[in-house]
1. Within the range 302-339, which residues are open to solvent by 20 Å² or more (accessible area, probe 1.4 Å), in contact with a helix residue (DSSP H, G or I) (Cβ under 8 Å, 6 or more places away or on another chain) and in a helix (DSSP H, G or I)?
2. Filter the range 104-137 down to the residues that are part of a loop (DSSP other than H, G, I, E, B), open to solvent by less than 30 Å² (accessible area, probe 1.4 Å) and closer than 16 Å to VAL306 by Cβ and list them by number.
3. Does LEU205 meet the test of being within 22 Å of PRO325 (Cβ to Cβ) and without any contact (Cβ under 8 Å) to a residue 24 or more places away in the chain?
4. Just the residues that are at pLDDT 85 or above, open to solvent by 70 Å² or more (accessible area, probe 1.4 Å) and either among the hydroxyl-bearing types (Ser, Thr, Tyr) or not in a helix (DSSP H, G or I) (or both), please, taken from the range 23-65.
5. Need the failing condition index for ASP83 against (1) more than 22 Å from ASP155 (Cβ to Cβ); (2) in contact (Cβ under 8 Å) with a residue 40 or more places away in the chain; (3) assigned to a helix (DSSP H, G or I), just the number.
6. Looking at (1) under 25 Å from ASN313 (Cβ atoms); (2) touching a residue at least 24 places away in the same chain (Cβ under 8 Å); (3) of a type outside the set (Lys, Arg); (4) open to solvent by 60 Å² or more (accessible area, probe 1.4 Å), which is the one condition that is false for VAL77?
7. Could you list, in sequence order, all residues of the range 4-19 that are under 19 Å from LYS137 (Cα atoms) and either among the hydrophobic types (A, V, I, L, M, F, W, C) or open to solvent by 30 Å² or more (accessible area, probe 1.4 Å) (or both)?
8. Out of PHE250, PHE298, PHE245, which single residue is within 21 Å of the chain's Cα centre (by Cα), closer than 25 Å to PRO212 by Cα and in a helix (DSSP H, G or I)?
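The values are calculated or read from the model by the stated rules, or taken from the named source; none is laboratory data. Just so you know, these numbers come straight off a predicted model, no measurement behind them. Positions of Cβ are generated from backbone atoms using ideal geometry, with glycine treated the same way; all protein chains shown enter the neighbour counts. Surface accessibility is based on the protein's heavy atoms, side chains included, excluding ligands, DNA and RNA. Shrake-Rupley method; radii C 1.70, N 1.55, O 1.52, S 1.80 Å.
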Amino acid sequence: MTTIYDIAKRANVSSMTVSRVINNKGNISEATRKKVEDAIKELNYIPNSAAQSLNLKKTKLLSLVITDITNPFFTKVARGATDKANQMGYQLILCNTDEDYEKESEYIDALIAKRVDGVIIAPTGDSSLKNLKKLMKNRIPFTLIDRKIENVPCDMVLGDNYEGTRYLLQHLINNGHQRIAVVHGPLTISTSKERYQAYVETLKLNDLTVNPSFMIEDHYKQEDQLAGINHLLELPEDERPTAFFAVNNFIAIKLIKQLRQGGLRVPEDMAVVCFDDLELFIEMDPFLTVSSQPAYDFGYIGTQLVIERVEGNSPAGYRSINLKPELVIRKSSGTSIKE
């Protein structure tokens with residue numbers, strides 16, 4: 001990595017002179033300024049603040065940026081990240097964006113100011129590219145977890161959304177369900193987009209009708225009600241869905257609540273399956289059929305990868321770790337039905 005000292009050596013000036021040029025401070029002759037600027041261009045150096053440039057010591061600070069700490073999936077991610085950071089002698093700053101790009105942007109600016117050594121981040125969506133570019137400009141290594149952004153050069157720890165969705169849909173289809181609705185999140189989020197696409201592909205592979213009215217978009221927020229469910233429930237019994245696929249656990253909770261409010265029992269009247277487990281409630285009421293992901297490993301491995309980048313122990317090429325889900329069959333998917 002090019003440093004301020006490399007620039008000084010190339011331009012044959014002091015590091016303090018380079019710092020003054022970068023920060024536009026002090027009386028620097030035009031000839032000297034040009035030498036420094038030419039060296040910066042030649043070495044493809046992206047300057048940070050003067051303090052960052054002159055003090056190259058590590059802060060031993062990392063940050064985990066996640067979208068909702070109340071989601072049990074991200075709670076376990078945070079535990080994995082914290083365990084690995086502590087194991088390696090780092091402190092971890094937790095940032096919770098609430099699926100809000102503006103809040104994510106504010107956190108990224110603050111983390112850059114704090115000079116964290118690295119970031120593990122589940123981005124809020126495609127717009128997060130702007131925030132990732134801030135980290136790249138400031139030469140802060142980062143690992144994407146759970147969600148990806150296309151064409152970003154970084155390490156990633158991702159789940160297999162296609163396989164996990166196929167597990168769930170095929171289980172329902174094998175149980176006799178042919179009219180299966182989906183409640184998905186915004187398609188600007190990679191996990192939601194991939195699970196939605198896998199839903200469509202799995203129905204087609206099984207020669208089932210892909211019904212646009214059976215596709216409902218929701219936000220990944222626990223407090224909101226699902227929009228668009230009631231019109232499906234008001235259909236005649238032989239036309240409405242017999243099963244729902246919820247693309248995450250919070251959506252599944254909201255869905256089951258609204259089904260019950262509409263007078264439908266799960267699974268007696270409507271089967272429900274979803275991505276990601278609800279670890280805190282499994283022993284109390286093992287209810288939801290899920291594609292369970294190793295959430296702890298997302299945090300643990302993601303933190304390991306970013307520490308390797310920070311300490312210069314990583315390979316030149318970027319790594320993409322794919323964690324496989326497990327189908328866990330419980331009450332909510334019901335038993336076999338006859339159409």
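1. If the condition is that a residue be open to solvent by 20 Å² or more (accessible area, probe 1.4 Å), in contact with a helix residue (DSSP H, G or I) (Cβ under 8 Å, 6 or more places away or on another chain) and in a helix (DSSP H, G or I), then GLN304 is the only one that fits.
2. So the first thing to find is which residues in the range 104-137 are part of a loop (DSSP other than H, G, I, E, B), and the list is 115-117, 122-125.
Imposing the further condition that a residue be open to solvent by less than 30 Å² (accessible area, probe 1.4 Å) reduces the set to 116-117, 122-125.
If the condition is that a residue be part of a loop (DSSP other than H, G, I, E, B), open to solvent by less than 30 Å² (accessible area, probe 1.4 Å) and closer than 16 Å to VAL306 by Cβ, then VAL116, ASP117, ALA122, PRO123 are the ones that fit.
3. Numbers: within 22 Å of PRO325 (Cβ to Cβ): yes; without any contact (Cβ under 8 Å) to a residue 24 or more places away in the chain: yes.
Taking the combined requirement at face value, the residue satisfies it.
4. Within the range 23-65, LYS60 is the sole residue that qualifies.
5. Tallying (1) more than 22 Å from ASP155 (Cβ to Cβ); (2) in contact (Cβ under 8 Å) with a residue 40 or more places away in the chain; (3) assigned to a helix (DSSP H, G or I), ASP83 fails exactly one: (1).
6. So VAL77 meets the others, but not (4).
7. We begin by selecting, within the range 4-19, every residue under 19 Å from LYS137 (Cα atoms); these are 4-7, 18-19.
Within the range 4-19, ILE4, TYR5, ASP6, ILE7, VAL18 qualify.
8. On the way: PHE298 fails: closer than 25 Å to PRO212 by Cα; PHE245 fails: in a helix (DSSP H, G or I).
Exactly one of PHE250, PHE298, PHE245 is within 21 Å of the chain's Cα centre (by Cα), closer than 25 Å to PRO212 by Cα and in a helix (DSSP H, G or I), namely PHE250.
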